[in-house]
Amino acid sequence: MATTAGGRKLGRVMPTGRVLAIIVPFIVLLVVGGGTWYLYGALNPPPKQQPIAFPHPVHVETLQLDCQFCHRGAAIGPAATVPAVEQCMFCHKVAVTDRPEVQKLRAAWEKKEPIDWLRVYRMPDTVRFVHEAHIQAGFDCAVCHGNVGQQQVVQHARDLRMGDCVTCHRVNEAPTDCTTCHY
Amino acid sequence: MPKWGMLVDLDRCSGCRACVAACQIENNVPINTEEIVNQRRGIQWIRIERYWEGTEYPAAKVRNGAMLCQHCRNAPCEPVCPVYATYHNSEGLNTQIYNRCIGTRYCANNDPYNVRFFNYWEPQWPESYYHYLNPDVTVRSKGVMEKCTFCVQRIRRTERQAKREGRALKDGDVQPACVQACPTDALVFGDISDTGSRVSRLAQDKRHFRVLESLGTDPVVFYLKKVDPQHVGDAAKQPAAH
């Protein structure tokens with residue numbers, strides 16, 4: 001009752017066609033715009049806020065440290081590993097101790113607490129990635145991680161989903177059996 | 001490319017279940033609570049089957065046998081999977097790709113050895129156990145099938161180690177958790193395409209047989225019969241020298 005009455009009234013004031021002509025483009029705009037905005041956000045997540053703003057550029061470019069000086073597992077095991085606080089303290093017992101970010105580091109050291117770095121690259125739990133095999137095969141870190149020496153905050157630089165992995169494996173005649181990466 | 005296979009010497013198996021415990025911890029197999037076992041939904045990639053013969057001592061005898069996935073070369077479980085989540089790979093492993101599995105359970109229903117297990121629930125561990133989970137093995141979730149992998153993570157790790165040391169794999173390098181844990185050396189693992197490997201040589205023993213061989217599944221898990229000392233004069237009396 002109420003709806004038909006209301007509908008008739010509305011129809012008299014403004015024909016349905018014109019109502020639709022106003023509402024439909026608005027909805028389309030909302031859906032397309034919102035979708036684009038959402039997709040853009042999903043594809044370009046903002047860089048994560050690390051507990052300490054560790055800059056790769058100064059350590060890699062200015063100080064010329066080797067990646068494997070810090071990421072010691074890369075050539076010998078599955079995980080590249082992120083260095084222990086102790087390893088930063090080789091230098092930061094004396095180096096730039098006045099800077100606030102380094103003071104955070106020293107505070108962690110004094111409290112004997114590890115730093116909870118956030119992961120940037122992370123495979124799903126069903127995937128087994130092994131650094132060692134790739135480093136031994138002669139790939140540079142930059143092949144997958146981009147030029148980390150230029151990244152103030154580490155960015156996800158390569159697709160590294162199954163299609164990407166398997167394509168490179170095919171090209172290099174590396175194994176593509178499912179149990180290479182899933183077990 | 002090696003073809004992996006295993007041998008179970010029933011004369012050496014004492015039924016201690018060290019293999020079961022080792023497998024459980026190596027492969028993140030969920031804990032089977034009493035409730036789960038009563039529902040017959042417990043998960044054991046390897047189990048000890050115990051059979052009694054006779055009822056009164058001294059005639060009563062117990063027979064133990066390890067049962068695990070037989071990695072059949074003609075596996076009944078493989079062709080029934082609608083999504084190829086289980087297939088035979090070039091190393092002779094009957095694989096189970098957890099993320100591909102959609103949980104139809106056809107494979108388990110077609111499996112004559114009862115060695116495939118379905119996760120009816122999200123597996124749970126007490127929180128203090130989380131640190132004991134093996135990072136090299138996927139923790140399965142509700143709705144997928146799981147089974148013995150011959151510890152493929154150990155095969156991969158050993159292959160990498162050999163490569164790092166610039167050598168080929170040697171017989172006995174790869175040891176699944178059950179084989180490593182067996183105190184009586186009843187389990188032997190190796191490359192059955194290499195006629196000189198220990199598993200190949202032992203599989204030639206005259207006590208050898210395979211379980212449900214008449215089904216034509218062509219398993220790669222070989223068994224050696226138990227020697228019964230009371231049956232003097234049995235043809236198959238002498239256990240092979242290990």
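Would you please give the residues with an amide H less than 5 Å from that of B:Cys69, counting only those at least 5 places away or on a separate chain, with H modeled from the backbone geometry?
So B:Cys69 has HN proximity to B:Cys148.
Which value in nm describes the separation of the simple spin-label points at A:Val94 and B:Asn89, placed 7 Å from the Cα toward the beta carbon?
So the label points at A:Val94 and B:Asn89 sit 5.1 nm apart.
For an R0 of 45 angstrom, estimate the FRET efficiency from the Cβ-Cβ distance between A:Val58 and B:Ser141 and round to the nearest 0.05.
Approximately 0.60, to the nearest 0.05.
Per residue Cα convex hull volume for the protein assembly as shown, in cubic angstrom?
Considering the Cα atoms of the protein assembly as shown, their hull volume per residue is 285 Å³.
State the Cα centre-to-centre distance between the stretch B:88-161 and the stretch A:102-130 in whole Å.
So the two Cα centres are separated by 29 Å.
What is the distance in Å between the Cα centroid of the stretch B:173-215 and that of the stretch B:11-78?
Between the Cα centre of the stretch B:173-215 and that of the stretch B:11-78, the gap is 17 Å.
State log₁₀ I(q)/I(0) for the stretch B:4-229 at q = 0.10, 0.17 Å⁻¹ as given by the Debye formula over alpha-carbon point scatterers of equal weight, solvent excluded.
Computed log10 I(q)/I(0) values: -0.48, -1.38.
Nearest 500 deg cm²/dmol is fine: what mean residue ellipticity at 222 nm does the protein assembly as shown get from its DSSP H runs of n ≥ 4 alone, each adding -39,500 (n - 2.57), divided by its residue count?
Mean residue ellipticity, 222 nm, calculated: -8500 deg cm²/dmol.
Subtracting the Cα-Cα distance from 0.36 nm times the residue separation, let me have the gained length for B:Phe209 to B:Ala162 in nm, one decimal.
13.7 nm
Need the full-extension length gain, A:Gln49 to A:Arg170, defined as separation in residues times 0.36 nm minus the C-alpha distance. One decimal, nm.
Here the segment from A:Gln49 to A:Arg170 would lengthen by 39.9 nm.
Per residue of the stretch A:132-148, in order, report the coupling 6.51 cos²θ - 1.76 cosθ + 1.60 (Karplus, θ = phi - 60°) as ³J(HN,Hα) in whole Hz, putting x for Gly and Pro.
Computed from phi, the couplings for the stretch A:132-148 are 3, 4, 6, 5, 5, 6, x, 7, 7, 4, 5, 4, 10, 9, x, 7, 4 Hz.
For the interface of A with B, what's the total buried accessible surface in square angstrom, probe 1.4 angstrom, rounded to the nearest hundred?
About 1300 Å² of accessible surface is lost on pairing.
Residues of the stretch B:70-106 losing 30 Å² or more of accessible surface, assembly versus chain alone, probe 1.4 Å, please list them.
Residues meeting the cut-off: B:Tyr87, B:Ile97, B:Asn99.
May I ask you to list the trypsin sites (Lys or Arg not before Pro) in the stretch B:1-64 that are in a DSSP loop and have at most 10 other Cβ atoms within 10 Å of their Cβ?
B:Arg40
Once you place label points 7 Å from the Cα toward the Cβ at B:Tyr120 and A:Tyr121, how far apart are they in nm?
Going from the B:Tyr120 label point to the A:Tyr121 one covers 4.2 nm.
Quick one: longest stretch of chain B between exposed loop chymotrypsin sites (Phe, Trp or Tyr not before Pro), exposed meaning at most 16 other C-beta atoms within 10 Å and loop per DSSP?
B:122-242
Calculated FRET efficiency, B:Ile31 and A:Asp66, Cβ-Cβ r, R0 41 Å, to nearest 0.05?
That gives a FRET efficiency of 0.40.
At a probe radius of 1.4 Å, what is the per-residue accessible area of A:Leu30, in Å² to the nearest 10?
120
From the backbone phi of the stretch A:161-166, what are the Karplus-calculated ³J(HN,Hα) couplings (6.51 cos²θ - 1.76 cosθ + 1.60, θ = phi - 60°) in whole Hz, Gly and Pro given as x?
Result, ordered by residue: 9, 4, x, 5, 4, 5 Hz.
Find the relative contact order for the stretch B:1-61 and round it to a whole percent, using C-alpha pairs within less than 8 Å whose residues are 6+ positions apart.
28
Considering the stretch B:1-106, what Rg and Dmax in Å follow from its alpha-carbon atoms?
Gyration radius and largest Cα-Cα distance of the stretch B:1-106: 17.0, 53 Å.
Using only the alpha-carbon atoms of the stretch A:80-183 as identical scatterers, what base-10 log of I(q)/I(0) does the Debye formula give at q = 0.11 Å⁻¹?
The Debye formula, applied to the Cα set alone, gives -0.51.
How would the stretch B:94-158 be classified by its alpha-carbon gyration tensor: rounded, prolate or oblate, with rounded meaning a/c under 1.5 and the a/b versus b/c comparison settling the rest?
Judged from the Cα gyration tensor, the stretch B:94-158 comes out oblate (a/c at least 1.5, b/c at or above a/b).
Averaged per residue, what accessible area in Å² does the stretch B:4-229 show with a 1.4 Å probe, protein chains only?
I get 51 Å² per residue for the stretch B:4-229.
Going through the stretch B:101-206, which GluC sites (Glu not before Pro) have at most 12 other Cβ atoms within 10 Å and a DSSP loop state?
When the GluC sites (Glu not before Pro) of the stretch B:101-206 are filtered for loop state and at most 12 Cβ neighbours within 10 Å, B:Glu165 remain.
What distance in nm separates the simple spin-label points at A:Thr81 and A:Ala142, each placed 7 Å from Cα in the Cβ direction?
Between A:Thr81 and A:Ala142, the simple spin-label model gives 2.6 nm.
The values are calculated or read from the model by the stated rules, or taken from the named source; none is laboratory data. Because the structure is a prediction, the values reported are computed rather than measured. Backbone-built Cβ (ideal geometry, glycine too); neighbour counts: all protein chains shown. In case anyone asks, the SASA skips ligands and DNA or RNA and just uses the protein heavy atoms, side chains included. Shrake-Rupley method; radii C 1.70, N 1.55, O 1.52, S 1.80 Å.
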